[in-house]
Amino acid sequence: MHYHLILTQRCNLNCTYCGQDVDLNVMSENMEFSVEQLQAFVDRHDEPPVIAFYGGEPVLELNKIINIMEIVKAKEFVIQTNGTILNRIPKELLSKFHTILISIDGTEELTNYFRGDTTYDRALKGGQFARQAGFEGDLVARMSVTTRSDIFEQVMHLVRCKKLDFNHVHWQLDAMWDIPENDRIEEFRKWVDNSYNPGITKLIDTWIDHMEKGELLGIAPFLGITHSLLTDSKSPLRCGAGIDFFALTTDGEITACPIPPSLEFPTLGNVETSLPAELPNKLNIDGPCLSCDYLDICGGRCLYTNKTQYWGDEGFDLVCNTVKHLVDELRRILPRVKSVINSGKYEINEFQYPKMPNGVEVIP
């Protein structure tokens, strides 16, 4: 199992699409339960879970990170961070992470537009520091993609980043968050039709061209979906929310995802008393996803949006169509992928990603 451990609501950045101020009506500002209580919860598992530090910006709670990594017997440790203060983490601990996900949106201009001046450089320097400290794990560029984003340009910039060698790139769509609903839906529709979907096609064509030349680019959505197509395997909800993936709030409550505590999502349990074996499948994908022909590949995309649907049926279908386009375009190149595999350049298991749940959302 995998837990996003929310250490704090606080963040040292003020990204325009986040708007996450500390709200004590949602949960405590910082983690309130003890490291010993966390270890007792971990001990109730048949196998040690993965612990992912999350916020806010988790590095702001550095002492808590150090104490947890010294005491808690997790299977692996992961951190989702904006990267700007990674150099505060002791080098000997940085080298112990399985995955470090750095929030960065693409080029310097675009990243700084949303995240603030100098954020791009500071994020890259944080990743460089981790590498120099001995971190040899999975370094992931975690993008937020908006209607200002050229998906081809921004993904290729990070895949080809000269300052930092990311192992993988994945992205989330800035969609279905508007309250009142439909506030940006028409703008989003035009962007999908004129920019995003054509950009995905161009990006997939570039991906297979590089593959045929002997270079497998670490574009997470392409890898994970292609592996399912190659193996003809059905996928549950790929992020694992409510299945084997949960979040621990600062108050010790357990939810199916780190986002919903502020959005009236059901609490599934708490650190102090819950038995891990009783958590899975209390909250499942339902509604239109269950009758969709793409469900076995997509898995339902996102539990949160499946339950809330702030853009209504029309907006929900619009976002789902971006997934269908992505899957269809990967199906289109599948014969070429199989040919590359048959030539001996790659094995099917090289497309399996992530091999261990690490917070990467394969379906954007």
(Q) R44 - would you say it is surrounded by fewer than 17 Cβ atoms within 10 Å (Cβ to Cβ), closer than 21 Å to A74 by Cα and touching a helix residue (DSSP H, G or I) at 6+ places or on another chain (Cβ under 9 Å)? (A) yes
Q) When both residues are 6+ apart or on different chains and their Cβ atoms are under 7 Å apart, which pairs have a first residue that lies in region 335-363 and is basic (K, R), and a second that is modelled with pLDDT of 95 or more and outside any loop (DSSP other than H, G, I, E, B)? A) R336/I208; R336/E212
Q) Within region 251-300, restricting attention to residues that are hydroxyl-bearing (S, T, Y) and in a loop (DSSP other than H, G, I, E, B), which residue is farthest from T226 (Cα to Cα)? A) T273
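Results for (1) outside the structural domain of V78 (by TED's automatic domain parsing); (2) at pLDDT 95 or above; (3) closer than 26 Å to H2 by Cβ; (4) assigned to a helix (DSSP H, G or I), shown as yes or no for each residue.
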{"residue": "T322", "(1), (2), (3), (4)": "yes, yes, yes, yes"}
{"residue": "V327", "(1), (2), (3), (4)": "yes, yes, yes, yes"}
{"residue": "L330", "(1), (2), (3), (4)": "yes, yes, yes, yes"}
{"residue": "L334", "(1), (2), (3), (4)": "yes, yes, no, yes"}
{"residue": "K338", "(1), (2), (3), (4)": "yes, yes, no, yes"}
{"residue": "I341", "(1), (2), (3), (4)": "yes, yes, no, yes"}
{"residue": "G344", "(1), (2), (3), (4)": "yes, yes, no, no"}
{"residue": "Y353", "(1), (2), (3), (4)": "yes, yes, yes, no"}
{"residue": "P357", "(1), (2), (3), (4)": "yes, no, yes, no"}
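Out of all the residues in region 132-142, is one or more part of a helix (DSSP H, G or I) and either within 24 Å of E361 (Cβ to Cβ) or free of Cβ contacts under 8 Å to residues at least 60 places away in the same chain (or both)?
yes
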Q) Applying the selection to region 12-31, what residues are among the acidic types (D, E) and surrounded by 13 or more Cβ atoms within 10 Å (Cβ to Cβ)? A) E29
Q. Are there any pairs with C-beta distances below 8 angstrom linking a residue in region 228-245 that is within 13 Å of D296 (Cα to Cα) to a residue that is among the hydroxyl-bearing types (S, T, Y) and part of a loop (DSSP other than H, G, I, E, B), with the two at least 6 apart or on different chains, and if so which?
A. S228/S235
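Among the residues of region 47-67, which ones are of a type in the set (V, I, T) and surrounded by fewer than 21 Cβ atoms within 10 Å (Cβ to Cβ)? Walk me through it before giving the result.
At the first step, the residues of region 47-67 found to be of a type in the set (V, I, T) are 50-51, 59, 65-66.
Residue satisfying the conditions is I66 alone.
The values are calculated or read from the model by the stated rules, or taken from the named source; none is laboratory data. Quantities reported herein were computed from a predicted structural model and do not represent experimental measurements. For neighbour counting, all protein chains shown are included, and Cβ atoms are generated from backbone atoms with ideal geometry for every residue, glycine included.
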